Amino acid sequence: METFEKKSLIECDLSYDDDFADWGVEDIAYIKRDVVDNTPMWSIYGAEGVRIGYAENRAVALAIVSQHDLTAMSVH
């Protein structure tokens with residue numbers, strides 16, 4: 001698992017690059033388990049592969065994605 005610096009959800013960038021909008025993937029976010037500051041978390045990635053947020057559990061990650069009108073996809 002990758003290790004990332006912990007950021008508050010308020011600091012997360014939920015915007016997308018225009019190139020991905022052209023492909024029709026601006027509404028997709030990927031969720032996968034990661035480690036943030038040595039703590040297991042569920043990271044949220046934009047379609048372009050950039051981490052845009054995280055949550056302590058999968059249900060909260062899914063809620064965050066839904067609140068931003070994105071479609072969640074799980075990454076295994």
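Take the stretch 33-53 and flag every residue that is over 12 Å from residue 65 (Cβ atoms) and out of contact with any helix residue (DSSP H, G or I) (no Cβ under 9 Å at 6 or more places or on another chain).
34, 35, 36, 37, 38, 39, 40, 49, 50, 51, listed by residue number.
Under 6 Å between Cβ atoms, which residue pairs at least 6 apart in sequence (or on different chains) link something in the stretch 50-76 that is in contact (Cβ under 8 Å) with a residue 24 or more places away in the chain with a partner that is in a loop (DSSP other than H, G, I, E, B)?
52/12; 52/13; 52/14; 53/12; 68/14; 70/27; 71/27
Would a scan of the stretch 6-22 turn up a residue that is among the basic types (Lys, Arg), surrounded by fewer than 16 Cβ atoms within 10 Å (Cβ to Cβ) and at pLDDT 90 or above?
No.
If I ask for residues that are assigned to a helix (DSSP H, G or I) and either of a type in the set (D, E, K, R) or under 11 Å from the mean Cα position of the chain (by Cα) (or both), which ones from the stretch 34-59 would you list?
Across the stretch 34-59, the qualifying residue is only 58.
The values are calculated or read from the model by the stated rules, or taken from the named source; none is laboratory data. No experiment lies behind these values; they were computed from the predicted model shown. Glycine gets a Cβ as well: all are built from the backbone with ideal geometry, and neighbour counts include every protein chain shown.
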